[in-house]
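To keep things clear, I will list the structure first and then write my remarks on it.
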Amino acid sequence: MKMLLVEDDAAIAELVAYHFKREDYEVKHTPDGEEALLLAKEATPDIVLLDWMVEGLSGIEVCRRLRRMPETANVPIIMLTARGEEEDRVRGLETGADDYVTKPFSPRELVARVGAVLRRVRPALAGEALTYSDIEMDTVGHKVRRAGEVVQLGPTEFRLLKHFLEHPGWVFSRERLLDAVWGHDSDIESRTVDVHIRRLRKAINKGNRPDIIRTVRSAGYALDAGN
């Protein structure tokens, strides 16, 4: 699980990073708002912990821009701040934050709050079934059905479909799919994605079912029942 921590208080950043690394999170930290946007664009995080007052851009402006970037438009954001007034909390939520934690906070509570937000926005993390249109995926049993019939998928096609099911309607470039499915350090060529997309389509469209994977010219692929 990849976390982007944007916090300019070194002591708090160290404390937060320590507790999340204990929970097997991969934590990237920056005290700077501008750098946070660059890091998020380079490698999309699964969640962002964002302090209200950071160097460079304010946390509110960083939140606003993250919501405008295609890569992070739907990434959950939790604001960390000493501001506890209702007006400030409302402003943060209206800007696009998913939750709001006021300092001082308990690291254990913060870990729990992050877990709750992730379970809410990405059901697979809670071991639940993923569904979209007539496709059902059992992430624990590694089983896929379409319209009630079992679909046989290879391991890579399963991971690819899982990623699409976690983000229905999102358009992913080949490079972003490589990062999400094969790993950021993979040396596999981007065209390999096309091969696995064809295999995935062949498997889930068996029996002349409608093609649920949309090709977006010059952009990538998306899971789209309205295709």
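The values are calculated or read from the model by the stated rules, or taken from the named source; none is laboratory data. Keep in mind the model is a prediction, meaning the values are calculated, not measured. Every residue, glycine as well, gets a Cβ built from its backbone with ideal geometry; the counts of neighbours run over all protein chains shown. Note: areas computed on protein heavy atoms with side chains; ligands, DNA, RNA excluded. Shrake-Rupley method; radii C 1.70, N 1.55, O 1.52, S 1.80 Å.
Here are the numbers for the structure shown:
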quantity: Set of aspartates and glutamates near K206 by C-alpha distance (under 20 Å), chain-local residues within fewer than 8 positions excluded; calculated: D134, E136, D138, E149, E157, D194, D224
quantity: Where labels lie 7 Å past Cα in the beta-carbon direction, separation of E34 and E175 in nm; calculated: 2.1
quantity: Label corresponding to log10 I(q)/I(0) by the Debye sum over Cα atoms at q = 0.11, 0.13 Å⁻¹ when calculated from the structure given, among (1) -0.48, -0.68; (2) -0.61, -0.81; (3) -0.70, -0.86; calculated: (2)
quantity: The range 2-121, accessible surface, carbon-and-sulfur percent (1.4 angstrom probe); calculated: 47
quantity: Angle between the chain longest axis and helix 155-166 axis [Cα atoms, degrees, rounded to 10]; calculated: 60
quantity: Helix 33-42 axis, angle to the chain major axis (alpha carbon atoms, nearest 10°); calculated: 10
quantity: Residue-averaged 222 nm ellipticity for the chain, from DSSP H runs of 4+ at -39500 (n - 2.57), nearest 500; calculated: -11500 deg cm²/dmol
quantity: Per-peptide average of other Cβ atoms within 10 Å, ordering 29-39, 210-220 highest first; calculated: 29-39, 210-220
quantity: Within the chain: Cβ-based charge dipole about Cα centre, in debye rounded to nearest 20 (Lys, Arg +1; Asp, Glu -1); calculated: 1320
quantity: Distance in nm between pseudo-label sites at E14 and K143 (7 Å out along the Cβ direction from Cα); calculated: 5.0
quantity: Sorted largest first, extent of the range 2-121 alpha carbons per principal axis (Å); calculated: 34, 31, 29
quantity: Mean accessible surface per residue for the chain, computed with a 1.4 Å probe while every protein chain stays in place, in Å²; calculated: 53
quantity: Total formal charge among the other residues, if their Cβ is under 12 angstrom from that of D134, Lys/Arg +1 and Asp/Glu -1; calculated: +1
quantity: Gain in span if fully extended, R191 to A129, counting 0.36 nm per residue against the direct Cα distance; calculated: 19.3 nm
quantity: Gain in span if fully extended, V216 to R68, counting 0.36 nm per residue against the direct Cα distance; calculated: 51.3 nm
quantity: 30 Å Cα-Cα reach of K103 towards lysines, excluding residues that sit fewer than 8 places from it in its own chain; calculated: K2, K21, K28, K41
